[in-house]
Amino acid sequence: MNKTDNTAPSTETTSGVGMIRMNDVSKWYGDFQVLINCTTKVDVGEVVVICGPSGSGKSTLIKVINGLEPFQEGEITFDGISVGDQATNLPKLRSRIGMVFQNFELFPHITIIDNINLAQLKVLGRDQDEATKRSMELLERVGLIDQMDKFPAQLSGGQQQRVAIARGLAMDPAAMLFDEPTSALDPEMINEVLDVMTELALEGMTMMVVTHEMGFARRVAHRVVFMDEGRIEEDCSKDEFFSGERGERAQEFLSKILTH
Amino acid sequence: MESGFDYGIILKSVPYLAEGLVLTFQLTILGILGGLVFGTLLALCRLAPFAPVSFIAGTYVNFFRSMPLILVIFWFYFLVPFLVGRPVGGFWSVTIAFIMFEAAYYCEIMRAGIQSVKVGQVYAGQALGLTYRQNMQYIVLPQAFRNMIPILLTQAIVLFQDTSLVYVVGLGDFLVHADIVANRDNRLMEMFSTVAVVYFILCLLGTLFVGRLQRKYANE
Ligand SMILES: Nc1ncnc2c1ncn2[C@@H]1O[C@H](COP(=O)(O)OP(=O)(O)OP(=O)(O)O)[C@@H](O)[C@H]1O
Ligand SMILES: [Mg+2]
């Protein structure tokens with residue numbers, strides 16, 4: 001696969017308009033290098049699935065994109081705006097990138113509707129009616145309109161994660177990042193979340209999804225990125241990845257998760 | 001000293017005692033509110049990424065926490081009029097002393113409270129585009145405050161008891177008023193029993209309330 005190279009980007013990622021571009025990014029936690037020269041790109045409307053063993057740096061890769069974690073070397077741009085640039089207004093940039101976490105991270109002290117309204121009111125400056133209207137549309141869409149006045153703790157994990165997706169979508173983001181959105185869920189709730197994500201992908205949302213749900217990857221991913229020990233080891237089209245044209249480490253990893 | 005326990009004297013002095021109790025409550029409430037606001041600001045400073053700010057806040061906290069409250073009360077009694085350039089009266093100098101002193105404790109409580117909020121919540125707020133300030137205001141502080149309510153109330157009960165130290169600057173709180181009656185009518189037994197019972201009941205109510213809150217949050 002493409003051992004990525006700055007001067008000659010891989011053929012798979014040159015088509016289309018790059019929404020997220022990551023060029024030779026390295027990041028350290030103290031002496032420990034979590035990301036090693038990572039280069040990849042997500043085009044508008046593209047769905048990229050990221051997989052790899054625990055501790056390989058997948059979450060970190062996601063978090064440097066919207067600046068939740070700083071990085072030391074390389075360059076990341078989102079829709080042409082440099083994430084690492086001191087002059088970049090990070091809160092404003094982040095408001096255009098939806099993010100969904102493994103543990104949902106709904107705000108426990110406010111109701112479901114307020115969870116979705118909050119950033120619309122405080123960041124986008126929408127008024128209460130406008131925000132509530134948008135929130136209700138999205139709750140309707142994820143099938144939770146009847147839960148709007150409850151608190152997060154009163155919902156099941158699958159429901160909370162669907163609210164979290166709605167909260168991200170309420171900002172009308174240009175892309176969505178997902179960090180293992182189903183791995184904290186009981187098995188019977190995984191599909192209700194994957195269904196929402198699948199629908200989103202089919203509508204053309206630009207998505208970067210850390211997941212080990214290979215069924216989801218097969219259904220909707222355009223590309224698959226495989227990470228190992230801080231490196232992007234594979235970055236190829238879904239078909240290449242699943243047809244067996246993958247390196248030994250990826251092969252080993254896949255056979256492990258598929259037999260589970 | 002006259003013999004027998006005279007309930008009449010207690011009833012007769014209720015208005016005068018109540019007047020003292022009002023002052024006790026005033027001092028407690030102002031100390032809590034002011035201390036909480038100032039203490040939260042201090043906590044934010046202590047956690048600020050800018051080293052000089054967190055150093056100054058840390059020094060403040062350590063300083064006040066190593067001072068006996070009675071000394072702080074004395075100190076402000078003489079210092080505040082000097083700084084303001086005119087007498088401010090015992091009440092305000094004592095109120096300021098309580099606020100400054102309590103803030104050091106509330107700072108540490110709020111700091112622990114802020115740190116008790118999961119980092120994922122901070123990420124979630126940031127990821128939505130909230131600024132640092134908005135994230136603190138709408139996400140972190142409300143949760144920090146909620147997590148710390150039992151400890152904040154316990155501290156409030158301690159302050160309620162500590163307000164009795166204002167006798168040193170001649171303010172007439174509950175205890176001082178009881179003391180005046182006790183000495184005037186030579187009814188020490190009656191008056192100090194009354195004081196003890198009232199303090200006991202109020203603090204017990206407070207403690208029961210804290211326990212209920214703790215159970216409520218433990219169930220969530
Ligand atoms: N704040 C931190 N400080 C120090 N090291 C960290 C920190 N966060 C993560 N790491 C380390 O960086 C490495 C990559 O972490 P990361 O969370 O990105 O991995 P991951 O691929 O998402 O793993 P998982 O599948 O378990 O979620 C791990 O070895 C982890 O221990
Ligand atoms: Mg992870």
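All of the numbers you see were taken from the coordinates with simple rules; none came from a lab. Here the structure is a predicted model, which means the values were calculated and not measured. Every residue, glycine among them, receives a Cβ derived from its backbone with ideal geometry; neighbour counts consider all protein chains shown.
May I ask for the angle, rounded to the nearest 10°, between helix B:69-84 and the longest principal axis of chain B, with both axes built from Cα atoms and the value confined to 0 to 90°? Here the helix axis deviates by roughly 80 degrees. Apply the a/c threshold of 1.5 to the C-alpha gyration tensor of chain B and tell me whether it is rounded, prolate or oblate. Note, shape of chain B comes out oblate. Estimated purely from DSSP H runs of n ≥ 4, each contributing -39500 (n - 2.57), the mean residue ellipticity at 222 nm for the protein assembly as shown is -18000 deg cm²/dmol once divided by its residues. In terms of distances greater than 26 angstrom between alpha carbons, the cross-link table entries A:Lys41/A:Lys122; A:Lys92/A:Lys238; A:Lys27/A:Lys92 yield A:Lys41/A:Lys122; A:Lys92/A:Lys238. Fewest neighbouring Cβ atoms within 10 Å first, the residues B:Tyr199, B:Tyr105 line up as B:Tyr199, B:Tyr105. Express in nm, to one decimal, how much length is gained between A:Asp129 and A:Ser82 on full extension, taking 0.36 nm for each residue of separation and deducting their alpha carbon distance. This chain segment gains 13.5 nm when fully extended. Under the simplified labelling scheme, the A:Glu188-B:Ser54 pair shows an inter-label distance of 4.6 nm, with each label point 7 Å from Cα along Cα→Cβ. Put a dot 7 Å past the Cα of B:Phe91, heading toward its Cβ, do the same for A:Trp28, and the two dots end up 6.2 nm apart.
How high is the FRET efficiency between A:Asn89 and A:Glu203 when r is their beta carbon distance and R₀ equals 41 Å, given to the nearest 0.05?
With R0 = 41 Å, the Cβ-Cβ based efficiency is 0.90.
Between B:Asn186 and B:Thr154, the contour length at 0.36 nm per residue exceeds the alpha carbon distance by 8.0 nm. Overall form of the protein assembly as shown: prolate. Here a/c, set by the Cα gyration tensor axes a ≥ b ≥ c, is 1.5 or more, and a/b is the larger of a/b and b/c. Which of B:Val166, B:Val88, B:Val80 moves most in a GNM of chain B, Cα contacts under 10 Å? Its mean-square fluctuation being the largest, the pick is B:Val88.
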